[in-house]
1. Computed FRET efficiency, Cβ-Cβ of ALA63 and GLU306, R0 45 Å: what is it to the nearest 0.05?
2. With the Cα gyration tensor of region 83-217 giving a ≥ b ≥ c as the square roots of its eigenvalues, does the rule (a/c under 1.5 for rounded; else a/b larger than b/c for prolate; else oblate) give rounded, prolate or oblate?
3. Quick one: dipole size for the chain, taken about the Cα centre, charges +1 on Lys/Arg Cβ and -1 on Asp/Glu Cβ, in debye to the nearest 20.
4. Ordering TYR318, TYR113 by accessible area with a probe of 1.4 Å, largest first, what comes out?
5. Over the chain, with a Gaussian network built from C-alpha contacts below 10 Å, which listed residue (VAL38, VAL30, VAL213) shows the highest mean-square fluctuation?
6. Over the Cα atoms, compute the radius of gyration (one decimal) and Dmax (the largest Cα-Cα distance, rounded to a whole number) for region 201-311, in Å.
7. Apply the a/c threshold of 1.5 to the C-alpha gyration tensor of region 362-407 and tell me whether it is rounded, prolate or oblate.
8. I'd like the distance separating the alpha-carbon centroids of region 106-140 and region 16-50, in whole Å.
Amino acid sequence: MLLVVGASATGAATADPALLGAANAAQPAVIASLKDMVLIESGSTDAAGLSKMAGYVEARLQALGARTERIAPARGPGSMVKGSFSGSGTRKLMLIAHMDTVYPAGTLASEPYRQDGNRLYGPGIADDKGGVAVILHSLAILKDAGWRDCAQLTVLFNHDEEVGSTTSGETIAQLAEQHDYVFSAEPTGAKAVARTEGLLLGAAGTATAILEVKGRASHAGAAPDAGRNALIELAYQLQQTRDIARDIPGAQLNWTMAQAGVVSNQIPERASARADVRLTAPGAADRLRAALQDKVKAGRLVADTETTVTLQVGRPPYLANDRARALAAQAQAIYAELDGRQLTLHPMTGGATDAGFASRSGKAVVLESFGLAGSGYHARDEYIEIDSIAPRLYLMTRMLQTVARAP
Ligand SMILES: [Zn+2]
């Protein structure tokens with residue numbers, strides 16, 4: 001099936017006919033790439049699958065003329081694949097997407113690759129093999145057009161996005177700092193969940209708060225008063241910190257896990273709890289950490305217990321700056337060239353993305369969600385919409401052309 005996007009017949013600027021023709025013509029090749037990649041199962045802990053995916057995308061980048069490099073992390077399975085292109089312009093551009101999925105090996109057996117009307121199904125097809133495909137095929141279109149208008153174009157595919165990018169995040173942040181623009185290709189919502197396709201301008205950062213109480217063990221039946229009950233103290237500290245983030249703009253904290261004691265007839269010596277923390281403002285993590293430590297220091301219920309609190313920061317928040325917002329408005333104008341097609345700009349999602357690492361230094365202009373329209377990620381029956389392929393390729397190629405020429 002070939003769904004063709006027509007040029008604008010309305011008052012909006014008309015589409016670039018060569019690019020639009022190429023985007024429409026690329027659809028069968030994109031579908032073939034999606035099938036190839038979905039058939040390579042690549043869950044975040046699947047070393048063999050991740051290695052196969054890395055081999056696949058590396059070969060594809062080389063075929064496009066890139067110099068490639070595998071960047072192996074200090075620990076854990078998988079490696080990043082970096083592709084570098086050089087051109088004759090002045091701007092440095094970077095494209096990112098991830099190779100790993102949330103699905104364990106064997107998921108394909110019960111959820112095979114298949115097409116049903118406008119939908120292509122398969123584990124990870126939207127999140128994020130669709131994003132990888134948008135990058136590879138957009139670059140193919142630009143290569144065929146002889147485009148070399150940027151100084152440098154870097155592609156980074158990482159292998160651990162679904163487990164927090166704990167080994168690739170630093171690489172993304174450092175590389176992004178050396179570029180003018182970074183486009184991240186996570187998926188955008190399908191028609192069943194979103195009115196139109198879009199781009200994302202913000203995502204929460206993540207952190208974990210850990211509260212630990214040390215008391216004193218004692219026989220719970222014979223000598224309870226000789227003990228110092230860490231569990232009771234933990235309960236007290238949880239109560240006094242549960243609303244602490246309310247006064248800190250851009251911070252959210254929810255205690256979600258707790259543990260105490262080893263047997264029921266002993267006053268527990270140790271107790272601990274963990275909180276899910278979301279951060280949507282720069283500096284919110286430091287303010288939250290300080291507030292937690294002050295509160296815990298301010299008072300205790302059980303004498304002689306010691307409480308410590310730490311905050312482990314994960315992905316930084318992603319917040320589009322003014323330049324990114326202006327560029328997103330240009331993206332809307334580019335989408336409108338396709339028969340007035342609408343592009344929704346989503347201000348914020350609770351889910352974290354690698355755009356947070358890319359925008360950490362504030363140097364690059366970062367936009368997120370250049371992938372295909374899809375649904376069912378991190379769930380069942382994940383799919384992409386075939387009729388989003390040509391518009392997304394058109395958007396990515398036009399955006400690359402636009403920013404490469406930016407003053
Ligand atoms: Zn993703």
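1. So, using R0 = 45 Å, E works out to roughly 0.15.
2. Working: a/c = 2.17, a/b = 1.24, b/c = 1.75.
It comes out oblate by the Cα gyration axes.
3. Approximately 620 debye in magnitude.
4. Numbers: TYR318 0, TYR113 50 Å².
My answer, sorted largest first, is TYR113, TYR318.
5. The residue with the greatest mean-square fluctuation here is VAL213.
6. 15.6, 60
7. Taking the square roots of the gyration eigenvalues as a ≥ b ≥ c, region 362-407 is oblate.
8. After rounding, the separation between the Cα centres reads 7 Å.
The values are calculated or read from the model by the stated rules, or taken from the named source; none is laboratory data. Note that the structure is predicted; figures quoted are calculated from it, not measured. Backbone-built Cβ (ideal geometry, glycine too); neighbour counts: all protein chains shown. Just the protein is used for accessible areas: all its heavy atoms, side chains included, with ligands, DNA and RNA removed. Shrake-Rupley method; radii C 1.70, N 1.55, O 1.52, S 1.80 Å.
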